[in-house]
1. Looking only at residues that are away from chain A (no Cβ under 14 Å), part of a loop (DSSP other than H, G, I, E, B) and out of contact with any strand residue (DSSP E or B) (no Cβ under 6 Å at 6 or more places or on another chain) in the stretch B:114-146, which one is nearest to residue B:246 (Cα to Cα)?
2. Answer with yes or no whether residue B:128 is buried (at least 17 other Cβ atoms within 10 Å of the Cβ), modelled with pLDDT under 95 and under 15 Å from the mean Cα position of the chain (by Cα).
3. Out of (1) free of Cβ contacts under 8 Å to residues at least 40 places away in the same chain; (2) in contact with a strand residue (DSSP E or B) (Cβ under 8 Å, 6 or more places away or on another chain), what's the single condition that is false for residue B:244?
4. Restricting the search to the stretch B:96-113, which residues are touching a residue at least 40 places away in the same chain (Cβ under 8 Å) and either on the phi > 0 side of the Ramachandran plot or not in a loop (DSSP other than H, G, I, E, B) (or both)?
5. Kindly indicate whether residue A:165 is touching a helix residue (DSSP H, G or I) at 6+ places or on another chain (Cβ under 8 Å) and at positive phi.
6. How about the stretch A:163-253: which helices (runs of 4 or more DSSP H) wholly inside it have at least 1 residues that are within 14 Å of chain B (Cβ to nearest Cβ) and within 21 Å of residue B:43 (Cα to Cα)?
7. Among the residues of the stretch A:119-149, how many are part of a loop (DSSP other than H, G, I, E, B) and either touching a strand residue (DSSP E or B) at 6+ places or on another chain (Cβ under 7 Å) or under 20 Å from residue A:231 (Cβ atoms) (or both)?
8. Output the number of the condition that residue A:234 fails; it satisfies all remaining conditions of (1) closer than 25 Å to residue A:92 by Cβ; (2) without any contact (Cβ under 8 Å) to a residue 24 or more places away in the chain.
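The values are calculated or read from the model by the stated rules, or taken from the named source; none is laboratory data. Small disclaimer: the values here were computed from a predicted structure and weren't measured. FYI the Cβ positions are ideal-geometry reconstructions off the backbone, even for glycines, and counts take in every protein chain you see.
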């Protein structure tokens, strides 16, 4: 299994990355997933159990994984460039803040899920990680958990693979707390982002999905409760850029 | 330049009088059955159309291989002109039939075997020869997405699919010189802002010699023929495959080009 190689790699070069790190990709691909107990606050509680959202569309849970996969297949080529264009480079600051909060040191066993364009990686499913229990000191997921079909399962998996004392850190788009910023952010999201997607990447629909999926994600408080439901303690969150993104943190104690 | 800008801006101004949803209302809320006018439709606000027009124009100049950007530019700036074209088609008996029956020129609708068996010099045979020699396919035309009317979206699609017919009629290859000549013809015939912009900005990349030939011979010829010919969108090409190309050119008052333009580089 590639994991020991990743651990070796990570314990060697733990400090000073400025980019998202490798880890598992392609969440939610399994279509024949046996139904486990749902978390106390599943996102789809308002809808029938087999349906969920894909942006503002309603789709079956089986479909969602495949549709998300297609989105990321489509955006992969220009992923970093589009992130820079859409956030004017600010996404790098957000990710730096996440790393600063983490304060990794040589020897830290870190797992970064939905790693994007990172270094060495392991292919897997965030809802069923190919790692044993109690393996990692830190689990991070940056702009990934929003796309997982069953967020509660991903959180449970995060809890499982962390060592006791381990830390869960999630950087994700969240709800804006300032009405003026919120208005500007909405205009920018819905009017500009899909246009950027079309002009730069020739792909309107993936970026439309992106801004819609942000609106569908639970608020800071709701997500905090979901993390607590997965067994994490001392769960806190910190807003960045008026709540456009938030870093949630929890510990497995 | 100012008149050009006005030509581009005029269609945009027309939008302001219609009631549009507030800027932050997510448009996709309408796109699940209720707001889509045709399968490929992406509804857009006036602001989005303006941003798309500007962005696609810039990107098309920056990266000439982004043909999709030229298509987007056409769709976001052509609304008023498409209406004029549609009305013109309605008034013509053959054009009205096209609007009614909505024929499409694509590999799935063309009977290539039949076209190949047609006599030399016929429209169908020459069109096929054009596709083979220039190594193009009718299926590379992007579907219309940003036009907010199903009928006008068809008119735009028809214009795109007829483009290759024009190459055949005018005897122009698909290299940059040939494309510019066809764009001038289309600009005069259709008045689409995207054609006008393409006709004016396309020559920027040409060598001095080509530019000289273009300006002194080819453009005047194209413009003259475009003014004389009836609207090329009113031709039901699919019913004219057997017609000799020479006869069709005569019918449209299209003369031979003043010089032979070399095939694709």
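1. B:120
2. On the way: buried (at least 17 other Cβ atoms within 10 Å of the Cβ): yes; modelled with pLDDT under 95: yes; under 15 Å from the mean Cα position of the chain (by Cα): no.
Taking the combined requirement at face value, the residue does not satisfy it.
3. (1)
4. Residues satisfying the conditions are B:97, B:98, B:99, B:102.
5. No.
6. Values: elements: A:179-187, A:193-201, A:204-216, A:220-229.
Those helices (runs of 4 or more DSSP H) span A:179-187, A:193-201, A:204-216.
7. Going residue by residue through the stretch A:119-149, those that are part of a loop (DSSP other than H, G, I, E, B) are A:119-124, A:126-127, A:129-135, A:143-144, A:148-149.
So of that shortlist, the ones also either touching a strand residue (DSSP E or B) at 6+ places or on another chain (Cβ under 7 Å) or under 20 Å from residue A:231 (Cβ atoms) (or both) come out as A:126-127, A:129, A:131-135, A:143-144, A:148-149.
Residues that pass the stated criteria total 12.
8. Exception for residue A:234: condition (1).
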